[in-house]
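The values are calculated or read from the model by the stated rules, or taken from the named source; none is laboratory data. Remember, predicted model here, so these are calculated numbers, not experimental data. Positions of Cβ are generated from backbone atoms using ideal geometry, with glycine treated the same way; all protein chains shown enter the neighbour counts. Note: accessible area is taken over every heavy atom of the protein model, side chains too, but ligands, DNA and RNA are not part of it. Shrake-Rupley method; radii C 1.70, N 1.55, O 1.52, S 1.80 Å.
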Amino acid sequence: MSVQTDRTEQLAESEVFHILGNDRRRAIVQLLAEEGGQIDVSDVATEIAATESETTSVPNNLYKSVYVSLQQTHLPQLEEDAVIEYDSDAKTIQAGRHFDEILQYVNGHATEHSRVLWLHFGLCILALALIAAAGLDLPVVSRIDPVLSSVLIVLAVAASSLYRLLG
């Protein structure tokens, strides 16, 4: 049975850093991101124990220690912050309301944010190229009004940025 939280407000940056300040909680987020859906707590405990023991042959006492710490500390913390949804009967976890928000802080998972930044950069370069090409009186580009096209591109970047900030 899953305990649902009513937390709807965005996590403060200090909360994000507290959540990800623990290796095991960070590993839970990474494993769940790799799995892409639902994952068994026993699989998470096995993966974490294997990483901590630096071997594929996990000592049983380490596995039990990791499993208990997940059950008693880390999963309740992540669920309270709505990062995961934990089904304590089925012993499974899945992404919660704030999962993507936390994931963007984990190394290698800020790809959507990076894509948007690259898009904005590319649009700015396009606007500069249009202005430069118009100044050089290139045949095809000289027919395009560089001021109007640049303003339209800057407006697209601004609208995209505003959407990301408010979203």
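General remarks:
- Relative contact order of the chain, defined on C-alpha pairs under 8 angstrom at six or more residues apart (%): 22
- As a ratio to 2.2 N^0.38 Å, the alpha-carbon radius of gyration for the stretch 48-156 is 1.96.
- Taking amide H as placed 1.01 Å from N in the peptide plane, SER88 has its amide H under 5 Å from the amide H of SER2, VAL3, each at least 5 places away in sequence or on another chain.
- The candidates GLU52, GLU15, GLU34, arranged from most to least accessible area with a 1.4 Å probe in the full protein assembly, appear as GLU34, GLU52, GLU15.
- Ranked by the mean number of other Cβ atoms within 10 Å of their residues, highest first, the peptides 63-74, 91-102 fall in the order 91-102, 63-74.
- Within the accessible area of the chain (1.4 Å probe), percent carbon and sulfur: 57
- In this structure, GLU9 and LYS64 have a Cβ-Cβ separation that, at R0 = 41 Å, corresponds to a calculated FRET efficiency of about 0.70.
- Only DSSP H runs of four or more residues enter the estimate; each adds -39500 (n - 2.57), and after division by the residues of the chain the mean residue ellipticity at 222 nm equals -19000 deg cm²/dmol.
- In the context of the full set of protein chains, the chain has a per residue accessible area of 63 Å² (1.4 Å probe).
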